[in-house]
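Here's the structure we're looking at; comments come further down.
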Amino acid sequence: MSKTVKNMLMRDYTARLSGQNDGMLISIRGMKTIDTTKLRNGLAKNKIKVTVVRNSLGKKSFAGTGLEGLGKLLTGPSAVVYGGQSVVEIARAIVASLKDFPTLELKGAILDGTLFEGKKGVEELSKFPTKDEAVAQNIALLVSPGKKLAAQIKGPGANVAGLIKAIEAKLEKGEAIAKVG
């Protein structure tokens, strides 16, 4: 491959992966063309993209980016999976795709500079909460004590209101109310 072609490929990789700090590396070796098209189309519905990379050029393109940690996993046929809401969403989609495409090889993923190697690492990552889920969990944790306090304050007042309502109903019916005490 000429140096000009290599430079064109590196520019293409850099343009496609610019701004991507998280991603995943897979191998589609052994998959039929129809299956890779189905996989790509299924992922594209969630705005997840797949780019096949040449290993040496991929390592150079990843240098100095958030994807640099994936460079050591670039052996054999490799494809970078990126985009979507987060790499956790990507991992979930790819792990779910394994039942339809058993020849798909999970090489690893990177999230905030942390490398998750192999199938086990990617499956572990797929169980993480997405950013939105983590924010929702934190908000629930922050709001929970306030909700409990409001329930504690409201509880006795609700009991008193219930008693007053019962007394009111008896008086409207003309029943006598027994004196307590």
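Here are the numbers for the structure shown:
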item: Test result for Arg16, in contact with a Lys or Arg (Cβ under 9 Å, 6 or more places away or on another chain), among the basic types (Lys, Arg), surrounded by 13 or more Cβ atoms within 10 Å (Cβ to Cβ) and in contact (Cβ under 8 Å) with a residue 12 or more places away in the chain; result: yes
item: Flag for Asn7 being modelled with pLDDT under 85, over 26 Å from Glu124 (Cβ atoms), polar (S, T, N, Q) and surrounded by fewer than 16 Cβ atoms within 10 Å (Cβ to Cβ); result: yes
item: Yes/no for Asp35 being touching a helix residue (DSSP H, G or I) at 6+ places or on another chain (Cβ under 6 Å) and surrounded by 15 or more Cβ atoms within 10 Å (Cβ to Cβ); result: no
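The rows are residues; the columns are (1) touching a Lys or Arg at 6+ places or on another chain (Cβ under 9 Å); (2) touching a residue at least 12 places away in the same chain (Cβ under 8 Å).
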site	(1), (2)
Gly83	yes, yes
Val87	no, yes
Leu106	yes, yes
Pro129	no, yes
Glu133	no, no
Leu142	no, no
Lys147	no, no
Ala150	no, no
Lys154	no, no
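The values are calculated or read from the model by the stated rules, or taken from the named source; none is laboratory data. In this text the structure is predicted, and so the values were computed from the model without any measurement. Virtual Cβ from ideal backbone geometry, glycine too; neighbours counted across all protein chains shown.
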